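Below is one structure, written out as structure tokens; comments come after it.
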Amino acid sequence: MIGSALYFFQEKLLFLPTTLEQDYHYQFNHTFEELFLKTDENTIINALHFKVENPKGVILYFHGNAGDLSRWGTIAEYFVEKQHDVLIMDYRTYGKSTGKLSEAALYHDAQYCYDYLLKHYAADQITLYGRSLGTGIASYLASKNHPKQLILETPYYSILDVAKDRFPILPVKQLLKYHFPTYQYLPKATFPITIIHGTADGVVPYASGKKLSELPIENLKFTTVEGAGHNNLIEFEDYHNTIKAVLF
């Protein structure tokens, strides 16, 4: 009974979107352009493109599983202050974005956004950044493209790995519709990978992220932030030092 509930309601466990009216007006501290990207016939992806004068590069940011761009746009401004342009999208069903969710659809929309950036920036100016849920999406893009680098904040080895930790007595491998196998994608990346994970993460276990550092990848750097949880890495100096070192 619990297993069947997990199968049918896993999207409600994995995705926690909030929605916005189509005429909602975003307010941020930095200059931005609001985009409506038609990624397929039945899908419109809402995105924000923050722009600065003389940017050092651009960050394609994939956010976590809760909220919408009214919140995540503010979080993205941290990188705008680091003199980087930022493109951040809301997933299907989040904010003003429409369309049917699936793992393949998330990958498709992510690639669309990457291709959009390639019309305005060189590939070696693009940094992929994934946070929590978004780390699997960013890692998929990293396996298919050649940006400057990949940064992962609180990533998972795979969704299966996290599900096994959370539901140890259930046959989760047979029940999951979403997999996000980060461990399969990262070895295909040929550019620098930076991972940042806190030891007190109560959402994505530190051990799940740490396993990624054990993959045979020469270009991967793993930063452990002692005592940091899932949502407060920004309160720790090790996080700031790592970001400063890679966003040059």
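The values are calculated or read from the model by the stated rules, or taken from the named source; none is laboratory data. None of these values were measured; they are calculated from a predicted model. Virtual Cβ from ideal backbone geometry, glycine too; neighbours counted across all protein chains shown. For the accessible areas, the whole protein counts, side chains as well, though only heavy atoms, and no ligand, DNA or RNA atoms are used. Shrake-Rupley method; radii C 1.70, N 1.55, O 1.52, S 1.80 Å.
With a Förster radius of 25 Å, plug the Cβ-Cβ distance of Thr199 and Ala104 into 1/(1 + (r/R0)^6) and report the FRET value to the nearest 0.05. Efficiency for this residue pair is about 0.15.
Name the residue from Gln27, Asn241, Tyr91 whose Cα lies farthest towards the positive end of the charge dipole of the chain, charges +1 on Cβ of Lys and Arg and -1 on Cβ of Asp and Glu. After comparing all options, I get Tyr91. Residues Arg92, Arg71, ordered by accessible area of protein heavy atoms at a 1.4 angstrom probe radius and largest first, appear as Arg71, Arg92.
For the options Glu218, Glu33, Glu21, a Gaussian network treatment of the chain with springs between C-alpha atoms closer than 10 Å singles out Glu21 as fluctuating the most. On a per residue basis, the chain carries 46 Å² of accessible surface, using protein heavy atoms and a 1.4 Å probe.
If you sort Lys119, Lys51 by accessible surface, 1.4 Å probe, largest first, the order is Lys119, Lys51. Using a probe of 1.4 Å, the accessible surface attributed to Glu214 totals some 130 Å² when neighbouring protein chains are kept in position. Once you divide the Cα radius of gyration of segment 11-87 by 2.2 N^0.38 Å, the number left is 1.16.
Expressed as cubic angstrom per residue, what is the convex hull volume of the alpha carbon set of the chain?
122 Å³
Here's the list of aspartates and glutamates a cross-link from Lys82 could span, going by alpha-carbon distance under 12 Å and ignoring same-chain residues fewer than 8 apart: Glu53.
Considering only the chain, what is the antiparallel percent among its DSSP beta bridges, to the nearest 5? If we restrict to bridges inside the chain, about 30 percent are antiparallel. Rounded to the nearest 20 debye, the dipole size of the chain about its Cα centre is 620 debye, using +1 on the Cβ of Lys and Arg and -1 on the Cβ of Asp and Glu.
Over the chain, DSSP H runs of length four or greater, each weighted -39,500 (n - 2.57), average out per residue to a 222 nm ellipticity of -9500 deg cm²/dmol. Under 5 Å between amide hydrogens, built in the peptide plane, is the criterion, and for Val225 it picks out His197, Gly198, Thr199 among residues at least 5 positions away or on other chains.
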